[in-house]
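Asker: Structure incoming, see below.
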Amino acid sequence: MEWCVSMPKIELHAHLNGSIRDSTLLELARELGDKGVIVFSDVEHVILKNDRALSEVFKLFDLIHIITTDHKTVTRITKEVVEDFAADNVVYLELRTTPKRNDSKGMSKRSYLEAVLEGLRYVNSVEVDLSHKLKPDISTQSHAVDDKCNGTGSKKIYVRLLLSIDRRETAEAAMETVNLALEMRDSGVVGIDLSGNPIIGEWLTFLPALEFAKKQGLPITLHCGEVPNPDEIHAMLDFLPRRIGHACCFGDDDWNLLKRLKIPVEICLTSNLRTETIASVDIHHFGDLYKSNHPLILCTDDSGVFSTSLSAEYLLASSTFGLGKKEMFELSEKAIEFIFACDGVKRELQMTFATALKKLN
Ligand code: 6MZ
């Protein structure tokens, strides 16, 4: 496990509310139990359960949202999630979350996002870079970069945010999220994600907001083919998103189109296994995509819900598909190409990886 941990890594598919520590969820649930809002003993086993079908995962998210959706808690979980990724030597994190309106808590989508940004400011175990702008003198950066990846967690983490549209939302709510992302572009928001229970909602509902986002130059990633839905998969690929997540239920035509379009795939092995969207890891499409040299990125999806980490995902891919440290390092480094942040960040990350490679050799 150790080399997977000490290697710098890039996380591009992590849902904030799916990445919460079990200990924090239990603590928060206990507090709500004490206040009589929920019955703690009813939710404790749900939180601690490990194997869940996809439909059960979305029930768990509804429970998590009851527990976490107030400003103070959103700030707390954001801080902890970023610190946990940094401790796993994630050097660039694209964290996605669904801005939520909750009138009973005085919460708007904007104030939800502000609570997330507040959480990033509270991170103290690691320096957080949230700025879009390339620092004028790269050479002054190099010693900060040099000091990363020493096996005790990264010293600096780039964090960028993707705002998620939940498939339960209306066309108007989706547009509100896109407008919020556009307003907050200088505050670390770099793109839009479409996610949520894949058996709910229609692609056409979200298309106007997604097309508007695209026109405004906001990169988009779509949860695509998490369940069998050939028409939607085709429509999503035709939309030409910058990346897609999962791609578990693709038919031959879909694979051909995806490969022709060279759309990068965010691969979430443990998530797909736990939710049984893939029967066993050895037949996961990671194997074929890797062999075909198709762009792909290993990701966690919901490290809290599925009890995983990015290092664990690298180890699982390595042991299942017979890939050595060198191949895994190259896979991790290749993810730089697919991040939504600007070229300046890409150049700095390339330096990070070059420095880490010297140390690992
Ligand atoms: C689709 C998922 C997901 O946004 O509240 N989410 N959507 N497929 C998945 N595979 C398991 N895992 C998480 O984080 C939780 C939300 O992310 C989406 C769901 O909409 C879930 O409610 P945020 O921070």
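Asker: Within segment 12-58, track down each residue that is under 30 Å from residue 349 (Cα atoms) and of a type in the set (Lys, Arg). Spell out the reasoning first.
Answerer: Taking segment 12-58 as the starting set, the residues that turn out to be under 30 Å from residue 349 (Cα atoms) are 12-21.
Within segment 12-58, just 21 meets the criteria.
Asker: Looking at segment 1-24, I want the residues that are more than 15 Å from residue 301 (Cβ to Cβ) and have a partner that is within 16 Å of the ligand (Cβ to nearest atom) with Cβ atoms under 7 Å, at least 6 apart or on another chain. Which pairs are those?
Answerer: Hits for this filter: 21/80; 21/84; 21/304; 22/47; 22/304; 24/77; 24/80.
Asker: How about segment 40-100: which helices (runs of 4 or more DSSP H) wholly inside it have at least 2 residues that are among the polar types (S, T, N, Q)?
Answerer: Details: elements: 40-48, 54-68, 71-87.
So the answer is 54-68, 71-87.
Asker: From (1) open to solvent by 10 Å² or more (accessible area, probe 1.4 Å); (2) more than 9 Å from the ligand (Cβ to nearest atom); (3) of a type in the set (A, V, I, L, M, F, W, C), pick out the condition that doesn't hold for residue 54.
Answerer: The number of the failed condition is (2).
Asker: Just the residues that are over 20 Å from residue 265 (Cβ atoms) and touching a Phe, Trp or Tyr at 6+ places or on another chain (Cβ under 6 Å), please, taken from segment 310-335.
Answerer: 325
Asker: Output the residues belonging to segment 26-39 that are open to solvent by less than 80 Å² (accessible area, probe 1.4 Å) and outside any helix (DSSP H, G or I). Please lay out each step first, then the result.
Answerer: Step one: of segment 26-39, the residues open to solvent by less than 80 Å² (accessible area, probe 1.4 Å) are 26-29, 32-33, 36, 38.
If the condition is that a residue be open to solvent by less than 80 Å² (accessible area, probe 1.4 Å) and outside any helix (DSSP H, G or I), then 36, 38 are the ones that fit.
Asker: Hey, another quick one. Just to verify a result, which residue in segment 1-25, among those that are more than 26 Å from residue 328 (Cβ to Cβ) and surrounded by fewer than 16 Cβ atoms within 10 Å (Cβ to Cβ), is nearest to the ligand (Cβ to nearest atom)?
Answerer: The selected residue is 22.
Asker: Of all residues in segment 245-275 being on the phi > 0 side of the Ramachandran plot and in contact with a Gly (Cβ under 7 Å, 6 or more places away or on another chain), which is surrounded by the fewest Cβ atoms within 10 Å (Cβ to Cβ)? Before you say what the answer is, go through the steps one by one.
Answerer: Step one: filter segment 245-275 for residues on the phi > 0 side of the Ramachandran plot, giving 246-247, 262.
Cutting the leftovers down to in contact with a Gly (Cβ under 7 Å, 6 or more places away or on another chain) gives us 246-247.
Numbers: 246: 27, 247: 25.
Residue satisfying both the conditions and the ranking: 247.
Asker: Just give me the residues in segment 296-319 being surrounded by fewer than 16 Cβ atoms within 10 Å (Cβ to Cβ) and either closer than 14 Å to residue 13 by Cβ or more than 16 Å from the ligand (Cβ to nearest atom) (or both), in sequence order.
Answerer: Answer for segment 296-319, where residues must be surrounded by fewer than 16 Cβ atoms within 10 Å (Cβ to Cβ) and either closer than 14 Å to residue 13 by Cβ or more than 16 Å from the ligand (Cβ to nearest atom) (or both): just 319.
The values are calculated or read from the model by the stated rules, or taken from the named source; none is laboratory data. Since the model is a prediction, treat every value here as computed from it, not as a measurement. Using ideal geometry, Cβ is built from the backbone for each residue, glycine included, and neighbour counts are taken over all protein chains shown. For accessibility, only protein heavy atoms count, side chains too; no ligands or nucleic acids. Shrake-Rupley method; radii C 1.70, N 1.55, O 1.52, S 1.80 Å.
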